[in-house]
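*Asks:* First, the structure itself, so that you have it in front of you.
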């Protein structure tokens with residue numbers, strides 16, 4: 001069966017719920033119709049009643065072959081009767097020793113007892129189909145698993161708890177109310193509904209548009225938290241790029257020597273920058289070189305500059321030729337930030353005028369004066385980098401971070417709502433306004449996996465009591 005094909009929502013499935021490999025404990029999960037009976041076949045409690053008879057409690061015992069009764073392992077078992085389980089079905093979890101053999105043998109025993117292997121994501125899919133969570137919450141499960149920083153995990157937990165779902169749900173309700181008032185006068189002209197409050201409906205659409213814009217503003221934060229950012233450290237040889245990478249990473253990741261050209265290839269290191277996963281890229285010093293190996297490294301450095309989210313130009317304050325550097329030196333891309341390094345070597349503090357570089361083309365308001373060796377100015381550089389990465393994601397809710405799919409649906413909803421609002425203001429036929437309103441509602445509903453098709457009709461009858 002292909003990974004995207006699911007036969008039923010409640011047939012008997014089994015899979016390991018913990019990551020593959022050795023560990024102290026592994027969890028094997030069985031879900032679907034017959035999970036209770038199969039649990040009785042596979043699990044023998046050490047004393048008293050079994051987990052099926054004592055749902056939602058841990059029971060200690062042994063796992064045995066369904067045929068023959070050979071003992072496979074011992075540990076804990078818990079049973080959750082549907083609909084009060086993760087998936088909404090009957091579900092059992094076996095906590096066995098974490099080596100690959102115990103969990104494999106337990107899965108084989110479950111397969112022999114009539115279960116099939118679960119497809120990737122099938123347990124969470126069942127939770128969605130059974131109404132245990134909506135689509136945005138299901139996506140949050142994957143975000144929690146993949147989170148690389150505490151901040152990413154925090155936002156994923158908020159989404160799992162319904163932070164985004166609540167906002168989208170309220171948006172849908174607001175626009176359904178607007179659509180119901182317009183649609184009622186189209187479908188039931190014979191009813192004495194009265195004139196619509198044009199200003200109130202227009203205001204409601206404007207409020208919804210602002211709310212959508214606020215949610216869209218969290219998209220860049222979401223991309224950074226989920227995918228991370230790539231930050232290239234570039235500059236002339238011996239400017240201190242490798243020392244800066246080590247200082248930001250708080251460990252010796254790159255080799256540092258006093259000899260120019262030490263770094264000849266791209267070196268990467270991922271750090272947690274105030275909650276954002278950032279991959280720092282140490283590159284070969286950019287200069288003319290006859291060394292074929294160094295030239296390859298320089299070309300790779302130029303490639304990293306082209307694709308990086310942020311470029312930090314590292315400049316050596318002690319280099320008398322530093323003023324020869326121009327923006328064109330780094331492949332037609334102006335650096336996003338400039339790190340003026342080695343203030344410890346000249347002891348001139350943080351004032352560029354005292355360093356004799358006030359007229360250099362690379363001195364900008366984005367410059368930081370640092371010592372990669374001593375640590376001077378590093379907190380300021382980190383804050384500047386954090387602000388630069390989040391530039392363009394201002395506004396919106398700091399506790400939300402929509403993903404690419406959700407942002408796409410929000411953009412579609414914004415476009416449709418904008419067209420509906422313009423048509424409404426121009427006095428266009430209500431039928432035309434409704435076409436765009438329905439399209440916007442469908443896009444919002446797709447974020448949660450909700451069908452909004454019947455919502456307008458239900459609201460019409462519940463609000464206007466048509467036919468009494």
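*Asks:* Quick one: order 342, 241 by neighbouring beta-carbon count within 10 Å, fewest to most.
*Replies:* Result, fewest neighbours first: 342, 241.
*Asks:* Still on this structure, I have one more. Round to a whole angstrom and tell me the spacing of the C-alpha centers of region 402-423 and region 369-388.
*Replies:* Each part's Cα centre sits 39 Å from the other's.
*Asks:* In whole Å, what is the distance between the alpha-carbon centres of region 63-137 and region 266-286?
*Replies:* 40 Å
*Asks:* Give me 70, 304 sorted ascending by neighbouring Cβ count inside 10 Å, so fewest comes first.
*Replies:* Ordered by Cβ neighbours within 10 Å, fewest first: 70, 304.
*Asks:* So if R0 is 25 Å, what FRET efficiency would residue 97 and residue 9 give, r being the distance between their Cβ atoms, rounded to the nearest 0.05?
*Replies:* 0.20
*Asks:* Taking the Cβ of each residue in 183, 268 as the centre, tally the other Cβ atoms inside 10 Å and list the residues starting with the fewest.
*Replies:* Ranked by crowding around the Cβ, least crowded first: 268, 183.
*Asks:* Using alpha-carbon positions, what is the distance between the centroids of region 151-170 and region 13-37, in Å?
*Replies:* What the calculation gives is 27 Å, centre to centre.
Coordinate-derived values only; no laboratory data. Fair warning: this is a prediction, and the values are worked out from it, not measured in the lab. Every residue, glycine as well, gets a Cβ built from its backbone with ideal geometry; the counts of neighbours run over all protein chains shown.
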